Amino acid sequence: MSNPSNIEIVQKLYRAFGAGDGPGLFSVIAPDIDWKFNGRPADVPFAGHFRGHAELMNFFGAIAQTAAVIEFGPHEVYAFDDKVISLGGERVRARATGKVFETEWLHFFTIKDGQITRLREYYDTAAMAEAFRGG
């Protein structure tokens, strides 16, 4: 039971992120977004819970300042009702240490009225922490 419109919203988010297109990115994100990158900020500089566009701009700013994305993208995307689950992976260089990490991830979206209202991101934060610490 796929919902192509919700999948397309998530794919638009990924395309905008990959292109560095801020307006495109925020066009599919609800103003009252509830976005959580699970992990400890002590381990991953952009981990945390972000609400609203202003906090989310800080999140994306922290990514840009601390990480150089080499590869990023979904491998599988599934939609049901107002939910979308995306399984993907990335390869990223921690700017402070120069170390590269690879991790698979799961993104769990809630979509309402054509915008993402909630996102939970799950990563291998141990691999990320090792790269950011230089360990």
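The values are calculated or read from the model by the stated rules, or taken from the named source; none is laboratory data. Just so it is clear, the model here is predicted, and its values are computed rather than measured. Here the Cβ is made from the backbone with ideal geometry for all residues, glycine too, and neighbour counts use every protein chain on show.
Is it true that ARG15 is of a type in the set (Lys, Arg) and within 18 Å of ALA96 (Cα to Cα)? The answer is no for ARG15.
Among the residues making up the stretch 63-108, those that are of a type outside the set (D, E, K, R) and outside any strand (DSSP E or B) are ILE63, ALA64, GLN65, THR66, ALA96, THR97, GLY98.
Would you please name the residue that is nearest to GLU121 (Cα to Cα), looking only at residues in the stretch 37-53 that are in contact with a strand residue (DSSP E or B) (Cβ under 8 Å, 6 or more places away or on another chain) and surrounded by fewer than 17 Cβ atoms within 10 Å (Cβ to Cβ)? For the stretch 37-53, the residue satisfying everything is ASN38. Out of the stretch 77-115, which residues are over 18 Å from ALA62 (Cβ atoms), hydroxyl-bearing (Ser, Thr, Tyr) and over 16 Å from the mean Cα position of the chain (by Cα)? Selection gives TYR78 alone. Taken over the stretch 96-120, the criterion of being among the aromatic types (Phe, Trp, Tyr) and in contact with a helix residue (DSSP H, G or I) (Cβ under 8 Å, 6 or more places away or on another chain) is satisfied by PHE101, PHE109.
Determine whether GLY22 is at negative phi and at pLDDT below 95. When the stated conditions are applied, GLY22 passes them. For the structure I just gave you, tell me whether GLU8 is charged (D, E, K, R) and not in a helix (DSSP H, G or I). Criteria not met by GLU8.
Taking every residue in the stretch 43-59 that is at pLDDT 95 or above and pairing it with any residue that is exposed (fewer than 14 other Cβ atoms within 10 Å of the Cβ) and not in a loop (DSSP other than H, G, I, E, B), at least 6 positions away or on another chain, the pairs with Cβ-Cβ distances below 7 Å are GLY52/PRO31; GLY52/ASP32; HIS53/PRO31.
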